[in-house]
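Pasting in a structure now, in structure tokens, and then I'll have a few things to ask.
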Amino acid sequence: MAAALAVAACVAFIPAVVRACGPYFRVAVFVTPQPENPQEFADGKLGVIRPTYSKENLLVAYRILHDAPLTATEKQALSGTAPATRHDDQTAQRSWLKMRNTVPGRQQLYYLSNQKEIANYQFFINCNDDAFKTATATLQQLITQYGASGPAVKEWTDAQDIVFGNCNKGTNAPADPPDSMSPVLRADRLYQIAAANFYAGYYDAAAEQFTSIAKDKTSPWHDYGLLLAARCYIRKSTMGPLLAVMGTVQTPSDTASLERARRILEQVVSDPSLAKVQASAQRLIAFIDLHMHPHEREAALAEELAKPSNDPQFAQNVIDYFYLSSSDQNSSGEMAKWINDVRSRSPKAIEEWKKKPQSPAWLVAALMTANGQSPDASALVEAALKVPSGSPAYATTRFHAARLELALRHAASAHELIDTFLAHAKNLPLSSRNEFLSLRLDVANTLDDFVRNAAMQPVAISWDDGSNDPNQDECDTARPCNKLMIESAAAKRLDHMPLAMLLRIAKMPGAPLVLRRTAALVAWERGVLLNDFSVANAAAGEDARLDKQDAGELADFLKAQSLEAKRFAAAFVMLHWPGAQPSFFSSSVRDEPMRSLDNYRRNWWCKDFLSTSYAVNGGRAKATDGPYPVFLTAREKSEAQKEVGNVSALETAPNYLSDVVVKWAHAHPNDPRVPEALYLAVRATRYGCTDDATTRYSKTAFELLHQKYPGSEWTRKTPYYF
């Protein structure tokens with residue numbers, strides 16, 4: 001009924017996750033921070049283990065690496081943990097309100113909070129889903145027996161409104177049952193009074209009332225009485241310490257209440273007549289031991305969780321274990337140590353591997369930690385190459401062996417390791433494949449070699465709010481992203497290639513279309529911006545062959561004879577293509593088509609746009625310091641550096657484009673394209689990157705449009721320049 005039986009009521013004091021206001025942008029996810037397919041991961045298909053994995057996922061990996069895979073029971077227990085962490089699910093409350101609102105003669109309610117605020121914006125889940133589910137079922141039974149308009153239903157529902165009013169701020173209780181009330185309805189009312197006191201925080205009174213219910217063998221709530229009395233004492237004891245510092249284990253301020261609760265629960269567990277609540281009682285005993293004997297409970301859980309079991313409470317035990325091990329700075333358990341060393345990439349992992357050189361788990365942790373300067377890097381590579389292909393550690397050890405070989409300047413060896421692995425890899429998770437392909441870009445020794453892996457299939461198109469919520473994804477493992485996209489590491493290297501090389505990519509018949517067309521567009525825009533119209537002409541021609549719509553819009557540019565005419569024709573096209581940029585790299589996926597404006601000003605280019613994505617030692621780097629492909633010749637690198645430097649020195653797009661349009665308008669006032677171009681120039685200053693000079697450019701274009709073309713439709717569309 002009104003009181004829930006789930007243990008979660010005792011531990012769910014963590015506020016629900018609340019996302020900040022956006023805007024959020026879609027991003028292509030090539031490597032997921034968690035296993036992309038949790039079920040396959042739990043089945044042993046680990047792929048490349050990553051330090052970003054949650055502790056729960058690393059526990060699964062630890063078990064599998066120790067040849068102790070999860071049992072079917074453990075997998076099932078873990079698969080149900082995610083929904084339970086979502087405190088914003090109002091399904092149970094809505095079901096209750098829908099049933100409650102069918103009772104005639106009462107104000108309709110459409111929202112009911114299950115959280116109580118204590119202080120300083122701290123909340124805890126006061127009324128669990130079970131409370132609303134039980135109340136819904138009870139009301140349904142009463143309506144079936146007495147009818148929705150019956151007095152008994154009205155009185156019960158009035159009392160239940162008081163009970164659930166205490167979930168949030170209320171502290172009231174229903175009236176005592178009158179002598180005229182039937183025995184069953186009287187038992188219901190006494191239960192409602194006890195529940196109301198529990199939710200109001202009057203735990204001693206509620207415990208006494210639930211104990212009385214337990215003694216009344218005629219009450220339909222008799223079996224639950226002692227269990228709920230114990231919950232009252234647990235809540236009384238744990239509220240204080242859990243409010244002090246969220247997420248830490250502290251000595252309860254009222255150990256007597258916990259001890260009293262444990263005695264009651266032991267009584268429940270030993271009573272065969274209370275079998276229906278004994279599993280809940282066992283969970284509550286575990287909760288009490290967690291608080292009263294944390295070190296002992298942690299050690300016991302570490303031993304239990306390290307080996308296969310059929311415990312249906314496996315998921316809760318995992319939660320409790322990490323709650324304890326995270327709070328215990330002196331935790332010495334190997335599993336917790338391994339998980340923490342992996343997540344932090346601690347150098348201690350290498351020392352642990354030296355102590356246990358036969359351990360695949362510690363080899364994995366040590367490999368993740370090592371770099372090219374590590375004294376043990378070569379020894380780690382040697383050990384990694386001995387891991388057999390059937391080992392669950394194989395993908396991880398091969399990846400880091402290749403990474404370390406590259407760091408040790410053994411590029412040929414890294415090249416061979418990656419190619420050999422990928423040639424024989426079967427059923428490799430897409431994230432893991434993409435990690436190998438991204439590393440492969442670093443060892444590409446020719447342009448053709450680089451181009452083969454520059455476009456990859458993303459695992460998901462998600463959002464940049466940090467939530468990694470699969471329900472938000474446009475595509476994921478259930479809905480594959482059936483398209484290739486240019487991965488960010490590849491994009492940064494492409495941005496640091498000379499124009500002539502970009503033109504070569506655009507002409508490569510075997511290259512992915514997305515790469516060819518992007519290369520053609522980037523080469524065309526950069527060629528125009530750098531006054532290299534030989535490259536710009538060739539790139540425009542190549543793009544026209546790849547896309548018919550582009551071909552029509554580039555026709556004037558390709559036909560133009562003078563440099564000034566080409567520059568204006570290019571600016572006119574660019575103003576129509578706000579999504580086209582002289583760069584491969586983008587921190588987010590642009591939702592709008594190339595010819596449509598983005599309302600968040602992700603249009604055209606910004607000043608020094610090539611520098612915004614590169615950082616060195618935590619600070620912003622110069623674009624010319626960017627990642628140049630290793631296969632560039634000295635001459636090609638010099639050309640690329642010069643071009644990148646010149647492009648980075650350009651003004652922001654609205655300023656540049658406005659200046660080109662205004663100059664052409666003065667020289668060719670009768671060109672029928674001019675009014676529209678001036679309108680587009682003013683528009684660009686609203687939707688593109690701006691600086692202190694932008695208003696001046698916008699005003700100049702605006703005044704010219706209104707002075708020279710007062711009757712134009714484009715003038716009517718441009719009432720302001722700001």
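The values are calculated or read from the model by the stated rules, or taken from the named source; none is laboratory data. Since the structure is predicted, the reported quantities are computational estimates derived from the model, not experimental observations. Ideal geometry is used to build each Cβ from the backbone, glycine not excepted, and the neighbour counts take in all protein chains shown.
Please enumerate the residues belonging to the range 214-237 that are among the acidic types (Asp, Glu) and touching a Gly at 6+ places or on another chain (Cβ under 9 Å).
So the first thing to find is which residues in the range 214-237 are among the acidic types (Asp, Glu), and the list is 216, 223.
Of everything in the range 214-237, just one residue is among the acidic types (Asp, Glu) and touching a Gly at 6+ places or on another chain (Cβ under 9 Å), namely 216.
For the range 378-397, what are the residues that are closer than 23 Å to residue 437 by Cβ and assigned to a helix (DSSP H, G or I)?
380, 381, 384, 394, 395, 396, 397
Could you tell me whether residue 388 is without any contact (Cβ under 8 Å) to a residue 12 or more places away in the chain and out of contact with any Pro (no Cβ under 9 Å at 6 or more places or on another chain)?
Values: without any contact (Cβ under 8 Å) to a residue 12 or more places away in the chain: yes; out of contact with any Pro (no Cβ under 9 Å at 6 or more places or on another chain): yes.
Taking the combined requirement at face value, the residue satisfies it.
So which residues in the range 398-452 are crowded, with 20+ Cβ neighbours inside 10 Å, of a type in the set (Asp, Glu) and within 19 Å of residue 484 (Cα to Cα), if there are any at all?
435
Taking the stated definitions as given, is residue 241 modelled with pLDDT of 95 or more and surrounded by fewer than 21 Cβ atoms within 10 Å (Cβ to Cβ)? Step through it out loud before you land on a result.
Numbers: modelled with pLDDT of 95 or more: no; surrounded by fewer than 21 Cβ atoms within 10 Å (Cβ to Cβ): yes.
No, not satisfied.
If you check 92, 68, 135, 72, which single one turns out to be out of contact with any helix residue (DSSP H, G or I) (no Cβ under 9 Å at 6 or more places or on another chain) and either in contact (Cβ under 8 Å) with a residue 12 or more places away in the chain or not basic (Lys, Arg) (or both)?
Working: 92 fails: out of contact with any helix residue (DSSP H, G or I) (no Cβ under 9 Å at 6 or more places or on another chain); 68 fails: out of contact with any helix residue (DSSP H, G or I) (no Cβ under 9 Å at 6 or more places or on another chain); 135 fails: out of contact with any helix residue (DSSP H, G or I) (no Cβ under 9 Å at 6 or more places or on another chain).
Every option except 72 fails the conditions.
To continue, here is another question. How many residues, within the range 340-389, are of a type outside the set (A, V, I, L, M) and under 15 Å from residue 408 (Cα atoms)? First the steps, then the outcome.
Applying the first criterion (of a type outside the set (A, V, I, L, M)) to the range 340-389 yields 340-341, 343-348, 351-360, 362, 369, 371-376, 378, 382, 386, 388-389.
Add one more test, that the residue is under 15 Å from residue 408 (Cα atoms), and what stays is 369, 371-376, 378, 382.
Number of matching residues: 9.
Among the residues of the range 643-666 satisfying the criterion of being crowded, with 21+ Cβ neighbours inside 10 Å and farther than 18 Å from residue 581 by Cβ, which is nearest to the chain's Cα centre (by Cα)?
Applying the filter and picking the extreme gives 661.
How about the range 417-442: which of its residues are more than 17 Å from residue 385 (Cβ to Cβ), assigned to a loop (DSSP other than H, G, I, E, B) and either free of Cβ contacts under 8 Å to residues at least 40 places away in the same chain or outside the structural domain of residue 392 (by TED's automatic domain parsing) (or both)?
The one that is more than 17 Å from residue 385 (Cβ to Cβ), assigned to a loop (DSSP other than H, G, I, E, B) and either free of Cβ contacts under 8 Å to residues at least 40 places away in the same chain or outside the structural domain of residue 392 (by TED's automatic domain parsing) (or both): 426.
Among (1) on the phi > 0 side of the Ramachandran plot; (2) at pLDDT 95 or above, where does residue 427 come up short?
Here residue 427 meets the rest and fails (2).
Now for a different question. Please go through the range 639-672 and pick out each residue that is within 17 Å of residue 575 (Cβ to Cβ), hydroxyl-bearing (Ser, Thr, Tyr) and part of a helix (DSSP H, G or I). I'd like the intermediate steps shown before the answer.
Start the filter on the range 639-672 by keeping residues that are within 17 Å of residue 575 (Cβ to Cβ), which leaves 650-665, 668, 671-672.
Next, only the ones that are hydroxyl-bearing (Ser, Thr, Tyr) stay: 652, 656, 658.
Those that are within 17 Å of residue 575 (Cβ to Cβ), hydroxyl-bearing (Ser, Thr, Tyr) and part of a helix (DSSP H, G or I): 656, 658.
Still on this structure, I have one more. Does residue 587 count as farther than 29 Å from residue 29 by Cα, surrounded by fewer than 14 Cβ atoms within 10 Å (Cβ to Cβ) and among the small types (Gly, Ala, Ser)? Lay out the reasoning, then the answer.
Numbers: farther than 29 Å from residue 29 by Cα: no; surrounded by fewer than 14 Cβ atoms within 10 Å (Cβ to Cβ): yes; among the small types (Gly, Ala, Ser): yes.
Spelling it out, it is not the case that residue 587 is farther than 29 Å from residue 29 by Cα, surrounded by fewer than 14 Cβ atoms within 10 Å (Cβ to Cβ) and among the small types (Gly, Ala, Ser).
So that you can scan it fast, the table gives a plain yes or no per residue for (1) closer than 17 Å to residue 577 by Cβ; (2) surrounded by fewer than 24 Cβ atoms within 10 Å (Cβ to Cβ); (3) touching a Lys or Arg at 6+ places or on another chain (Cβ under 8 Å); (4) outside the structural domain of residue 608 (by TED's automatic domain parsing):
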position	(1), (2), (3), (4)
668	no, yes, no, no
676	yes, yes, no, no
686	yes, yes, no, no
689	yes, yes, yes, no
702	no, yes, no, no
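Surrounded by 19 or more Cβ atoms within 10 Å (Cβ to Cβ) and at pLDDT below 95, is that true of residue 325?
Details: surrounded by 19 or more Cβ atoms within 10 Å (Cβ to Cβ): yes; at pLDDT below 95: yes.
For residue 325, the condition - surrounded by 19 or more Cβ atoms within 10 Å (Cβ to Cβ) and at pLDDT below 95 - is met.
What are the residues in the range 164-209 that are under 44 Å from the mean Cα position of the chain (by Cα), of a type outside the set (Gly, Ala, Ser) and surrounded by 16 or more Cβ atoms within 10 Å (Cβ to Cβ), if any?
Residues satisfying the conditions are 164, 166, 167, 168, 191, 192, 193, 197, 198, 199, 202, 203.
Quick check on the range 104-125. Is at least one of its residues within 24 Å of residue 220 (Cα to Cα) and in contact with a Lys or Arg (Cβ under 9 Å, 6 or more places away or on another chain)? Write out each step before concluding.
Keep residues of the range 104-125 that are within 24 Å of residue 220 (Cα to Cα), which gives none.
Checked the range 104-125: no residue is within 24 Å of residue 220 (Cα to Cα) and in contact with a Lys or Arg (Cβ under 9 Å, 6 or more places away or on another chain).
Of the residues 279, 302, which single one is of a type in the set (A, V, I, L, M), crowded, with 16+ Cβ neighbours inside 10 Å and closer than 20 Å to residue 73 by Cα? It would help to see each step written out before you state the result.
On the way: 279 fails: crowded, with 16+ Cβ neighbours inside 10 Å.
Exactly one residue qualifies, and that residue is 302.
Moving on to the next point. List the helices (runs of 4 or more DSSP H) inside the range 295-368, counting only whole elements, that have at least 1 residues being closer than 24 Å to residue 406 by Cβ.
Working: elements: 314-327, 334-344, 348-355.
Of the helices (runs of 4 or more DSSP H) lying wholly inside the range 295-368, those with at least 1 residues that are closer than 24 Å to residue 406 by Cβ span 334-344, 348-355.
Being farther than 18 Å from residue 50 by Cα, in a helix (DSSP H, G or I), touching a Lys or Arg at 6+ places or on another chain (Cβ under 9 Å) and at pLDDT 95 or above narrows it down to one of 414, 402, so name that one. Please lay out each step first, then the result.
Details: 402 fails: farther than 18 Å from residue 50 by Cα.
Checking each option against the conditions leaves just 414.
Looking at 490, 511, 478, 500, which one is at pLDDT 90 or above, at negative phi and assigned to a loop (DSSP other than H, G, I, E, B)? Steps first, please.
Values: 490 fails: assigned to a loop (DSSP other than H, G, I, E, B); 478 fails: at pLDDT 90 or above; 500 fails: assigned to a loop (DSSP other than H, G, I, E, B).
Selected residue: 511, the only one of 490, 511, 478, 500 that is at pLDDT 90 or above, at negative phi and assigned to a loop (DSSP other than H, G, I, E, B).
Continuing with the same structure: Only one of (1) assigned to a helix (DSSP H, G or I); (2) within 26 Å of residue 496 (Cβ to Cβ); (3) not small (Gly, Ala, Ser) fails for residue 582. Which number is that?
(1)
OK, next. Would you call residue 161 in a helix (DSSP H, G or I), modelled with pLDDT under 95 and either under 43 Å from the mean Cα position of the chain (by Cα) or of a type in the set (Lys, Arg) (or both)? Break it down into steps so the answer makes sense when it comes.
On the way: in a helix (DSSP H, G or I): yes; modelled with pLDDT under 95: no; either under 43 Å from the mean Cα position of the chain (by Cα) or of a type in the set (Lys, Arg) (or both): yes.
Taking the combined requirement at face value, the residue does not satisfy it.
Let me ask another. When both residues are 6+ apart or on different chains and their Cβ atoms are under 6 Å apart, which pairs have a first residue that lies in the range 654-682 and is without any contact (Cβ under 8 Å) to a residue 12 or more places away in the chain, and a second that is of a type in the set (D, E, K, R) and outside any helix (DSSP H, G or I)?
Once the first residue is without any contact (Cβ under 8 Å) to a residue 12 or more places away in the chain and sits in the range 654-682, no partner that is of a type in the set (D, E, K, R) and outside any helix (DSSP H, G or I) comes close enough.
Now, a different point. Within the group 134, 144, which residue is hydroxyl-bearing (Ser, Thr, Tyr), surrounded by 15 or more Cβ atoms within 10 Å (Cβ to Cβ) and at pLDDT 95 or above? Lay out the reasoning, then the answer.
Numbers: 144 fails: surrounded by 15 or more Cβ atoms within 10 Å (Cβ to Cβ).
So the residue among 134, 144 that is hydroxyl-bearing (Ser, Thr, Tyr), surrounded by 15 or more Cβ atoms within 10 Å (Cβ to Cβ) and at pLDDT 95 or above is 134.
If the requirement is being in contact (Cβ under 8 Å) with a residue 40 or more places away in the chain, charged (D, E, K, R) and surrounded by 18 or more Cβ atoms within 10 Å (Cβ to Cβ), which of these qualifies: 526, 516? Step through it out loud before you land on a result.
Numbers: 516 fails: in contact (Cβ under 8 Å) with a residue 40 or more places away in the chain.
526 is the lone residue from the list that is in contact (Cβ under 8 Å) with a residue 40 or more places away in the chain, charged (D, E, K, R) and surrounded by 18 or more Cβ atoms within 10 Å (Cβ to Cβ).
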